[in-house]
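All of the numbers you see were taken from the coordinates with simple rules; none came from a lab. Remember, predicted model here, so these are calculated numbers, not experimental data. Backbone-built Cβ (ideal geometry, glycine too); neighbour counts: all protein chains shown.
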Amino acid sequence: MLAARDTVGTALTWIFYCLAQNPNIVSIMRNELSPIASHKVVAGVGTMVIFEPAETKSLAYVRAVLYETLRLYPPAPTELKTVVADDTMPSGHEVHAGDAIFISLRSMGRMEGIWGKDCLDYNPDRWLSKDRNSLRYVPSHKFLAFNSGPRMCLGKDIAVMQMMTVVASTLWNFDVHLLEGQSIEPKASCILEMKNGLMVKLKKRDV
Ligand code: HEM
């Protein structure tokens, strides 16, 4: 439940929080969804359009939005590794058997040395190739939200598929507005939940 449910639920909360503040990004996502939605048979007035996994799989911009959110708000914000044998890291740091190495994925996602001067900006474009039709290659040791190496997340594809369909279907059918007066802050926990939750108002779109 922790691996599969809380991570996806937490990621979705931060995604809707980021998108509610970036209506221009929501418009670009809706433009990407529009050709798919126009081919779907809507059962009647007021019926919602639901996007299937096969339809959202190749959507580069929607995926870039997910990755950009996971960069700034990784649901599993820390990694702890224990050194098995004395060694010297590629950086030159000596480590000794039994040492604990604590990696803050949340900090890594916000470091200028890794992501550039706009590291704190919410900018899905950074994930896109020049023609904007696909994602550029980003190694997993740079984008650690799903971990890297032999203990990488086994559910990454399922998680991305779930989030793409939920985000696409929600944004296509609803405008998401943040309720005023709430305090948004992360909870210090093994999962980067929102401490006070997220309160939004959904308004059905006329599509
Ligand atoms: C946004 C969603 C998710 C994120 C960010 C995420 C992230 C991660 C991370 C960082 C790890 C490495 C943990 C560690 O060893 O320290 C991990 C492991 C794992 N994840 Fe996920 N995960 C997500 C969703 C899922 C889903 C949906 C599933 C299952 C359907 C899943 C199954 C697993 C499993 C089984 C492992 C253990 C892999 C191993 O140790 O060999 N995860 N995940």
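General remarks:
- Along principal axes, Cα extents of the range 116-207, largest first, whole Å: 40, 37, 32
- The range 127-170: radius of gyration over Cα atoms, expressed as a fraction of 2.2 N^0.38 Å: 1.36
- Counting only residues at least eight positions apart within a chain, or on another chain, the aspartates and glutamates with an alpha carbon under 19 Å from that of Lys195 are Asp6, Glu180, Glu185.
- Which of Asn24, Ala85, Ala11, positive extreme of dipole for the range 1-92 (C-beta unit charges): Asn24
- Computed [θ] at 222 nm, helices only, for the chain once each DSSP H run of length n ≥ 4 contributes -39500 (n - 2.57): -10500 deg cm²/dmol
- Stokes-Einstein diffusion coefficient of the chain, Kirkwood radius over Cα pairs, 20 °C, 1.002 mPa s, in µm²/s: 115 µm²/s
- Taken about its Cα centre, the range 45-177 carries a charge dipole of about 220 debye when Lys and Arg each add +1 at the Cβ and Asp and Glu each add -1 at the Cβ.
- Pairwise centroid distance, computed over Cα atoms, of the range 136-171 with the range 67-106, Å: 19 Å
- Cα-based reach from Lys81 at 18 Å (exclusive), listing lysines while leaving out same-chain residues under 8 positions away: Lys142
- For Asp86, net neighbour charge (Lys/Arg +1, Asp/Glu -1) across residues whose Cβ lies under 10 Å away: -3
- With both labels modelled 7 Å from their Cα along Cα-to-Cβ, the Asp206 to Leu178 distance reads 2.8 nm.
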